[in-house]
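Have a look at the structure below, then the notes.
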Amino acid sequence: QVQLVESGGGLVQAGGSLRLSCAASGTMFSGRNMGWYRQAPGKQRESVATITWRGTVNYADSVKGRFAISRVNAMNTMNTLYLQMNSLNAEDTAVYYCNTWPPLDVWGQGTRVTVSS
(Lines give C-alpha, C1' and ligand atoms only; values in the text may rest on other atoms or scores of the structure.)
Protein backbone atom coordinates (compact mmCIF):
# COMPACT_ATOMS: atom_id res chain seq x y z
CA GLN A 1 0.00 0.00 0.00
CA VAL A 2 1.30 3.43 -0.94
CA GLN A 3 1.66 5.82 1.96
CA LEU A 4 3.20 9.26 2.19
CA VAL A 5 3.23 11.24 5.41
CA GLU A 6 4.73 14.73 5.45
CA SER A 7 5.54 16.64 8.63
CA GLY A 8 7.60 19.50 9.98
CA GLY A 9 5.76 22.51 8.61
CA GLY A 10 4.70 25.50 10.65
CA LEU A 11 4.81 29.24 11.03
CA VAL A 12 8.21 30.87 10.80
CA GLN A 13 9.50 34.39 10.40
CA ALA A 14 11.26 35.46 7.23
CA GLY A 15 14.89 34.42 7.38
CA GLY A 16 14.12 31.42 9.54
CA SER A 17 14.51 27.70 8.91
CA LEU A 18 12.40 24.56 8.91
CA ARG A 19 13.12 20.91 8.27
CA LEU A 20 10.44 18.88 6.58
CA SER A 21 10.22 15.11 6.76
CA CYS A 22 8.42 12.58 4.60
CA ALA A 23 7.86 8.98 5.58
CA ALA A 24 7.29 6.87 2.52
CA SER A 25 6.33 3.21 2.40
CA GLY A 26 9.16 1.05 1.17
CA THR A 27 7.52 -0.29 -1.94
CA MET A 28 7.03 3.24 -3.21
CA PHE A 29 10.37 4.62 -2.13
CA SER A 30 12.88 1.90 -2.87
CA GLY A 31 14.81 2.37 -6.06
CA ARG A 32 12.85 5.46 -7.04
CA ASN A 33 13.76 9.05 -7.57
CA MET A 34 11.94 11.28 -5.07
CA GLY A 35 10.98 14.90 -4.86
CA TRP A 36 9.47 17.67 -2.81
CA TYR A 37 6.69 19.71 -4.33
CA ARG A 38 4.74 22.72 -3.12
CA GLN A 39 1.49 24.44 -3.88
CA ALA A 40 1.04 28.06 -2.93
CA PRO A 41 -2.44 29.60 -2.61
CA GLY A 42 -3.94 30.16 -6.03
CA LYS A 43 -1.03 28.53 -7.84
CA GLN A 44 -0.30 25.18 -9.41
CA ARG A 45 1.80 22.60 -7.64
CA GLU A 46 5.47 22.89 -8.56
CA SER A 47 8.60 20.84 -8.10
CA VAL A 48 10.98 22.25 -5.50
CA ALA A 49 13.76 19.68 -5.21
CA THR A 50 14.48 16.20 -6.47
CA ILE A 51 16.88 13.44 -5.51
CA THR A 52 17.70 10.29 -7.42
CA TRP A 53 18.04 6.87 -5.87
CA ARG A 54 21.81 7.33 -6.01
CA GLY A 55 21.65 10.76 -4.38
CA THR A 56 21.96 13.21 -7.26
CA VAL A 57 20.03 16.36 -6.37
CA ASN A 58 18.43 19.15 -8.34
CA TYR A 59 16.61 22.31 -7.24
CA ALA A 60 14.23 24.86 -8.60
CA ASP A 61 16.00 28.16 -9.24
CA SER A 62 13.88 29.87 -6.60
CA VAL A 63 15.29 27.70 -3.80
CA LYS A 64 18.86 27.02 -4.93
CA GLY A 65 21.35 27.76 -2.21
CA ARG A 66 18.65 27.83 0.46
CA PHE A 67 17.04 24.36 0.43
CA ALA A 68 18.68 20.95 0.72
CA ILE A 69 17.01 17.63 -0.03
CA SER A 70 18.25 14.35 1.41
CA ARG A 71 17.03 10.82 1.90
CA VAL A 72 17.57 7.82 4.11
CA ASN A 73 17.09 4.53 2.33
CA ALA A 74 16.19 1.74 4.67
CA MET A 75 16.11 -1.96 3.96
CA ASN A 76 12.76 -2.41 5.68
CA THR A 77 9.42 -0.79 5.07
CA MET A 78 9.83 2.86 5.96
CA ASN A 79 12.16 5.30 4.28
CA THR A 80 12.54 9.02 4.92
CA LEU A 81 12.93 12.06 2.74
CA TYR A 82 14.00 15.42 4.16
CA LEU A 83 13.94 19.03 3.05
CA GLN A 84 16.06 21.49 4.99
CA MET A 85 14.81 24.98 4.27
CA ASN A 86 16.88 28.02 5.23
CA SER A 87 16.53 31.74 4.65
CA LEU A 88 12.80 31.35 4.16
CA ASN A 89 10.82 34.18 2.61
CA ALA A 90 7.15 34.91 2.06
CA GLU A 91 7.25 33.34 -1.42
CA ASP A 92 8.01 29.98 0.21
CA THR A 93 4.60 29.95 1.88
CA ALA A 94 2.81 26.86 0.57
CA VAL A 95 1.71 23.34 1.33
CA TYR A 96 4.65 21.02 0.78
CA TYR A 97 4.31 17.45 -0.49
CA CYS A 98 6.66 14.58 -1.19
CA ASN A 99 6.23 12.08 -3.98
CA THR A 100 8.24 10.15 -6.49
CA TRP A 101 9.83 12.07 -9.33
CA PRO A 102 8.03 12.25 -11.65
CA PRO A 103 5.08 12.08 -9.27
CA LEU A 104 2.61 9.25 -8.99
CA ASP A 105 -1.05 10.15 -8.82
CA VAL A 106 -1.08 9.51 -5.09
CA TRP A 107 -0.47 12.39 -2.69
CA GLY A 108 -0.22 12.72 1.05
CA GLN A 109 -1.92 15.41 3.08
CA GLY A 110 1.08 17.71 2.82
CA THR A 111 2.54 19.95 5.49
CA ARG A 112 1.83 23.66 5.56
CA VAL A 113 4.63 26.19 5.70
CA THR A 114 3.77 29.80 6.45
CA VAL A 115 6.48 32.45 6.36
CA SER A 116 5.64 35.77 7.93
CA SER A 117 7.39 38.88 6.66
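Couple of notes before you dig in:
- Column: log10 I(q)/I(0), Debye, Cα scatterers of the chain, q = 0.11, 0.15, 0.18, 0.19 Å⁻¹: -0.31, -0.59, -0.84, -0.94
- Calculated [θ] (222 nm, deg cm²/dmol) that DSSP helices of n ≥ 4 give over the chain, each run adding -39,500 (n - 2.57): -500 deg cm²/dmol
- Surface per residue (accessible, 1.4 Å probe) for the chain, Å²: 54
- Just the protein heavy atoms count here, and of the accessible area of region 27-117 at 1.4 Å, carbon and sulfur take up 49 percent.
The values are calculated or read from the model by the stated rules, or taken from the named source; none is laboratory data. Only a predicted model underlies this, so the values are computations on that prediction, with no experimental measurement involved. Quick note on the areas: whole protein, heavy atoms, side chains included, nothing else; ligands and nucleic acids left out. Shrake-Rupley method; radii C 1.70, N 1.55, O 1.52, S 1.80 Å.
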